[in-house]
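The values are calculated or read from the model by the stated rules, or taken from the named source; none is laboratory data. Keep in mind that what you see is a predicted model, and the values were worked out from it rather than measured. Positions of Cβ are generated from backbone atoms using ideal geometry, with glycine treated the same way; all protein chains shown enter the neighbour counts. Surface accessibility is based on the protein's heavy atoms, side chains included, excluding ligands, DNA and RNA. Shrake-Rupley method; radii C 1.70, N 1.55, O 1.52, S 1.80 Å.
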Amino acid sequence: MRGGSGILAGVLAAGWAAVWLVTQVLVDPPLAVLPTVVVGVVCSTAVVLGYPSALRGPRVARAPRRPAGVPGVRRPGLAATGRSMPLRRGLTPDAARRTAQLLRPALGGDAIAITDTEQVLAFVGPGADHHEVGGSLQTRVARAAIERRRTVVVHRRADVGCPVPECPLQNAVVVPLAIGSRVVGTLKVYRTGDEPASRATVEDMAAVLSLHLELAEMDRERHLAADARLDALRAQINPHFLFNILNTIASKARTDPEEARSLLLRLSDFFRYAVRQDGHFAEFAQEYFFVRTYLTLEQARYGDRLQVRYDIDPQVLTTRVPVLTIQPLVENAVKHGVADKVAGGTIRLRARVDPLTRTTSIRVSDDGVGMAPEVLERITSGRRPGTAPEADGGAHRHGGVGLWNISQRLESLFGERYSLDVESEAGSGTVVDLRIPLR
Amino acid sequence: MDDDVDARDAPAEVDATFRTLRRVAVGYFVLFLLAVVGFPALSLTLGWWSDARLAGGMSPGFAMAAFGLYVFFAVVGVAAARLSGAVEARMLGDDARDAQVASTDAPEGER
């Protein structure tokens, strides 16, 4: 169970046990059933409602769970070996070594080697003294398998092609490892006896390994895409914002040096936070700090035209939310909502935790100029901005790029388990509702 | 000019912190009130509360008045104080930033 659900279940069970003990066992006569149930329900409700702030406990990094082994079986089956393959994290020397150790009993070879296209990444078994890890490919048979992109089976020691005369390896089955159509390495199974290992078994296992390498590549690409989206959000900090704030600070430098200095500190905080966030999640309190730093700078620029009202639930402060997600929503409210309204307006940030649905909800609203229905439809259509033909030739000011970027990031982080709703009416303001799983 | 000028909290931030702390205070006050009001209510409505006997011949109501309420008040007081302190630390000042970058911002000689 994730996120402390186990603790919650344990405390609930302990609460009901305590109620039963106090009302039924330690007392004479025992309490009637209905009042006992009422007492238990009241206790349970209190525990569930107080859970996010009181019971979630310290968050510590947990070691990844090891896949469950098969009790009592020393030689892993082919399927079990395939499921627990370390190559799922990529073709690295460490993963290759662990894979070779795992495969040796399953494939029935005396020695197992895994290589990339240049060097030996792992070698387990007889001959490890001269088939050195990190060394270049010594055997002709490995180069032949890579060049031909197909399995090579050799039955004689001379065909193995090891240049060391004392090498005990007599035959080999070498199967290329491929990601798509690109050969990235080989799986080699050597034997010291007369018969080579089963070609079909080795090819099956190589296919499993290739699949794992392909999945590892996809994982890497997915992470790169998520990082790129985060970088895009960082890069989206508008240079005009910087120019405007610097102009504001310059204008206050003579009239109010204290405030100018305070604003410079805030500006430093703002950029430091934006640049130094390297993970995808941060405590809500940190994101809140980023938002209020941004809004303080904007308030210095807009003066009384920009009012801010925060409504923060105490339980939400320690939850973890995606970084750089709330500030762009607030920035949109300032730029497209309040800034265009002559009389100014109020930005409201509301954050709540729902302990029962285990959801964090964040609402950014403004009473600015709002959006026309066609603009709202385009923004909420889910299409990538700029990909659809625009009636106004793309000259509109609501690009929707930031919102689309946030939506894509949330999708990569939460899949379908989030919602981002936008409601707006021209002249009445805009409300953006974000709901994400409680972390 | 004083070189130790800190970034001051904006009125909206102080206002927000006040409202959040008020919510904490109201929540704990309601809890306190429920416990205090619940005691006589149980005595009036549930005969078992006064008639049943625990170890030592005490009724559940007596045991609660003698021990339980003090423990409950202590727990509620400590929890309210801790939560209020945590809320204030997270919603005001720049502690979040300090905690995050303290190590990376230290001058070379101080690391």
Exercise. Calculate how many DSSP beta bridges within the range A:78-223 are antiparallel, expressed in % of all such bridges and rounded to the nearest 5.
Key: 100 percent
Quiz item: Cα gyration tensor of the range A:185-231, axes a ≥ b ≥ c as square roots of the eigenvalues: rounded (a/c below 1.5), prolate (a/b > b/c) or oblate?
Solution: prolate
Exercise. For B:ARG53, list long-range residues whose amide hydrogen, built 1.01 Å from N in the peptide plane, is under 5 Å from its own amide hydrogen.
Key: A:ASP28
Quiz prompt | In order through the range A:417-434: 3J(HN,Hα) via Karplus (6.51 cos²θ - 1.76 cosθ + 1.60), integer Hz, x for Gly, Pro | solution = 8, 8, 9, 9, 10, 10, 10, 7, 9, 4, x, 10, x, 9, 10, 10, 10, 10
Quiz item: Given chain A, what whole percent of its Cα pairs are spread farther than 41 Å?
Solution: 46 percent
Practice problem: Specify the angular offset, from 0 to 90 degrees and rounded to the nearest 10, of the alpha carbon long axis of helix A:93-107 from the longest principal axis of the alpha carbons in chain A. | Solution: 50 degrees
Quiz item: Normalised by the number of residues in chain A, what is the relative contact order in percent for Cα pairs under 8 Å and 6+ residues apart?
Solution: 10 percent
Self-check item: Given charges at beta-carbon only (K, R positive; D, E negative), |dipole| of the range A:241-349 in Debye
Solution: 240 debye
Practice problem: May I ask you to compute the full-extension gain from A:PHE414 to A:VAL275, defined as 0.36 nm times their residue separation minus their alpha-carbon distance, rounded to one decimal in nm? | Solution: 47.7 nm
Quiz item: Which whole-Hz ³J(HN,Hα) couplings does the range B:44-50 yield from phi under the Karplus relation 6.51 cos²θ - 1.76 cosθ + 1.60, θ = phi - 60°, glycine and proline marked x?
Solution: 7, 9, 10, x, 3, 4, 9
Quiz item: Under unit Cβ charges (Lys, Arg +1; Asp, Glu -1), what dipole magnitude, rounded to 20 debye, does chain A have relative to its Cα centre?
Solution: 920 debye
Quiz prompt | Peptides A:244-250, A:336-342 ordered by average Cβ neighbours within 10 Å, highest first | solution = A:336-342, A:244-250
Exercise. Could you list which residues have their amide H under 5 Å from that of A:GLY185, counting only those 5 or more apart in sequence or on another chain, with H placed in the peptide plane?
Key: A:LEU177
Quiz item: Shape of the range B:11-95 from its Cα gyration tensor (a ≥ b ≥ c, root eigenvalues): rounded if a/c is under 1.5, otherwise prolate when a/b > b/c, or oblate?
Solution: prolate
Self-check item: For the range A:295-353 versus the range B:6-36, the gap between their alpha-carbon centres in whole angstrom
Solution: 20 Å
Practice problem: Mind pulling the angle between the C-alpha long axis of helix A:257-276 and the longest principal axis of chain A? Nearest 10 degrees, somewhere in 0 to 90. | Solution: 30 degrees
Exercise. Just the Kirkwood number for the range A:5-54, please: inverse of mean 1/r across all distinct Cα pairs, in Å, one decimal.
Key: 11.4 Å
Quiz prompt | Vicinal HN-Hα couplings computed from phi for the range A:282-292 (Karplus, 6.51 cos²θ - 1.76 cosθ + 1.60; Hz; Gly/Pro x) | solution = 9, 4, 4, 4, 6, 5, 5, 4, 5, 5, 6
Exercise. Report the one residue of A:SER136, A:GLN170, A:ILE114 whose Cα lies farthest in the direction of the positive end of the charge dipole of the range A:111-180 (charges on C-beta: Lys and Arg +1, Asp and Glu -1; origin at the Cα centre).
Key: A:GLN170
Self-check item: Anisotropy class of the range A:237-437 from Cα gyration tensor, a/c 1.5 cut
Solution: oblate
Quiz prompt | For A:GLY368, distant residues with modelled amide H under 5 Å away | solution = A:GLY429, A:THR430
Quiz item: When the Kirkwood hydrodynamic radius is evaluated over all pairs of different C-alpha atoms of the range A:125-175, what value in angstrom, to one decimal, is obtained?
Solution: 11.3 Å
Quiz prompt | Solvent exposure, largest accessible area first (probe 1.4 Å, DNA, RNA and ligands not counted), of A:MET205, B:MET58 | solution = B:MET58, A:MET205
Quiz item: Largest first, what is the accessible-area ranking of B:LEU69, B:LEU33, A:LEU317 with a 1.4 Å probe?
Solution: B:LEU33, B:LEU69, A:LEU317
Quiz item: Which whole-number percent of Cα pairs in the range A:140-226 have a distance greater than 20 Å?
Solution: 40 percent
Self-check item: Farthest positive-ward along the range A:237-437 dipole, Cα basis, beta-carbon charges - from A:GLY368, A:GLN327, A:PRO257
Solution: A:PRO257
Quiz item: How much solvent-accessible surface does A:HIS240 expose, in Å² to the nearest 10, with a 1.4 Å probe and all protein chains in place?
Solution: 110 Å²
Quiz item: Could you list log10 I(q)/I(0) for the range A:78-223 at q = 0.11 Å⁻¹, which the Debye formula gives when each Cα is one point scatterer?
Solution: -0.35
